[in-house]
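Everything below concerns the one structure shown next.
The values are calculated or read from the model by the stated rules, or taken from the named source; none is laboratory data. Note that the structure is predicted; figures quoted are calculated from it, not measured. In this analysis, Cβ positions are derived from the backbone assuming ideal geometry, glycine residues included, and neighbour counts consider all displayed protein chains. We work out accessible area using only protein heavy atoms, side chains counted, and drop any ligands, DNA or RNA first. Shrake-Rupley method; radii C 1.70, N 1.55, O 1.52, S 1.80 Å.
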Amino acid sequence: MAPLNPDGQSIKTRRQDGLTLGIMRGPEMLNRRHFVAIAAVSAALLSSTSAIAADAHKVGILIPGSKSDKGWMESGYNGLLAAQEKYGENLEVQMIENINYADMEQALTQLAMGNELVIGVGGQTQQAVYKIAQRFPDTKFSIVGGNEGMEASNVAGYDVKQAEIAFVAGAAAAMMSENGAVSYVGGMEIPSIVNAGKEFGAGAKYINPDIKYFEAYTGDFDDVAGSKEATLAAINQGADVHYHILNLGLRGMEQAATENGTHIIGSYSNYCGTDPLYIAYSITGVGYQVEYAIDQLVEGTWEPGYMPFGLAMGKDASDMIVCEGDEEMKATLEEIMQKLLDGEISTLEG
């Protein structure tokens, strides 16, 4: 019987130059440990599988963090799964997960060697994508979370517009806070993450000008201890609803909120009803954009360049879901989103 990967799928193994390679149906997951071990092996060999059609479209995807982070990375992975379900044997995917900055260029090079399209899930891949794209002019690259300002004839940047929906999340938090105090914890202190934090605060003040707002950054999206410390500091000052742009660092916020009876507005996907800790979710369609990039490849309509998503692209791309809010609250949030669409409310970029 073939061994099982962590998701319960069977894995075949093949020996090549003394290395054992995992070959699996669906996304081939290569975490950093596995990636370093097989970096010299051909990507074509890695993506070999009898279950894929000979003329299948080949897509490589880099998920820098964990695909089970309850956030950005998981949303991206869910979009990949949706695309695989849609296209079946006509889509062949090679996935690399949990790669740090030092290995990012090497990982993207590996993916670019044997795929038509390479997707970087996260703005942190942008710099490396543009560099590697120069070496592979015939390969298409899409960045989920790409910012305006950089251009290449074979790179598409999809802006999720986190700051826009963060404003709506701030408004929701203000309406759900019993203490009149809310908080935000971001990972890296870069413009898009900082802008989202500022707009979360602005959205809260749009509802309640006197609300207390606490904002902190850990410097690392995966810093569990740092996010817990920042959330506890806000709780000690009265914050009872928290928002975030974190990956695995979210675990620290969850610990702090659980220990103190406060609540979290989640990001990226709608998981209402699965965890009472979460009272709402802002939808930031990371997975939607992964699926969009693959759709464009399959349909032959893929184009390079910057493309903003956000509320203008519909509710799959951006939305605010309150798990148990009353109709008045939901109507207020819908009104705010319409004002954002109409330009009556403007937000920072990011």
For G252, the lone unmet condition from (1) out of contact with any Gly (no Cβ under 9 Å at 6 or more places or on another chain); (2) in a helix (DSSP H, G or I) is (1)
Pairs returned, first residue in segment 90-101 that is hydrophobic (A, V, I, L, M, F, W, C), second residue that is in a strand (DSSP E or B), beta-carbon separation under 6 angstrom, 6 or more apart or interchain, are L91/H57; V93/V59; M95/E28; M95/M29; M95/I61; I96/L30; I96/L62
Listed by range, helices (runs of 4 or more DSSP H) wholly within segment 118-220 having at least 1 residues that are within 25 Å of D295 (Cα to Cα), open to solvent by less than 50 Å² (accessible area, probe 1.4 Å) and aliphatic (A, V, I, L, M) are 126-135, 162-176
task = For G114, indicate whether it is modelled with pLDDT under 95 and closer than 14 Å to G305 by Cα.
result = no
Of the residues in segment 255-269, those that are assigned to a loop (DSSP other than H, G, I, E, B) and surrounded by fewer than 17 Cβ atoms within 10 Å (Cβ to Cβ) come to G261
Checking Y281, Y288 in turn, the sole residue that is open to solvent by less than 30 Å² (accessible area, probe 1.4 Å) and not polar (S, T, N, Q) turns out to be Y281
The one condition P137 fails out of (1) within 21 Å of M307 (Cβ to Cβ); (2) touching a strand residue (DSSP E or B) at 6+ places or on another chain (Cβ under 9 Å); (3) of a type outside the set (K, R); (4) at pLDDT 95 or above is (2)
Of the listed residues (A39, A43, A53), the one being at pLDDT below 90, in contact with a helix residue (DSSP H, G or I) (Cβ under 8 Å, 6 or more places away or on another chain), open to solvent by less than 10 Å² (accessible area, probe 1.4 Å) and over 30 Å from Y281 (Cβ atoms) is A43
Filtering segment 227-250 down to residues that are at pLDDT 95 or above and open to solvent by 10 Å² or more (accessible area, probe 1.4 Å) yields K228, E229, A230, L232, A233, I235, N236, Q237, G238, D240
For G8, state whether it is within 30 Å of E254 (Cβ to Cβ) and at pLDDT below 50. yes
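Taking the conditions exactly as written (farther than 30 Å from G300 by Cα and acidic (D, E)), does E148 satisfy them or not? Give the derivation first.
Values: farther than 30 Å from G300 by Cα: no; acidic (D, E): yes.
When the stated conditions are applied, E148 does not pass them.
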Condition set surrounded by 17 or more Cβ atoms within 10 Å (Cβ to Cβ) and modelled with pLDDT of 95 or more, scope segment 333-350, selection nearest to E148 (Cα to Cα): answer is T347
Here the residues within segment 112-137 that are in contact with a Ser or Thr (Cβ under 9 Å, 6 or more places away or on another chain) and among the hydrophobic types (A, V, I, L, M, F, W, C) are A112, M113, L117, V118, I119, V121, V129, I132, A133, F136
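Which ones in segment 299-310 are crowded, with 19+ Cβ neighbours inside 10 Å and outside any loop (DSSP other than H, G, I, E, B)? Spell out the reasoning first.
Restricting attention to segment 299-310, the residues satisfying the condition of being crowded, with 19+ Cβ neighbours inside 10 Å are 309-310.
Matches in segment 299-310: G310 only.
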Counting only residues in segment 311-321 that are among the hydrophobic types (A, V, I, L, M, F, W, C) and surrounded by 18 or more Cβ atoms within 10 Å (Cβ to Cβ), the one nearest to G285 (Cα to Cα) is identified as A317
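Can you say whether Q84 is over 15 Å from the mean Cα position of the chain (by Cα) and surrounded by 19 or more Cβ atoms within 10 Å (Cβ to Cβ), as far as the supplied structure shows?
Judged against the criteria, Q84 is a match.
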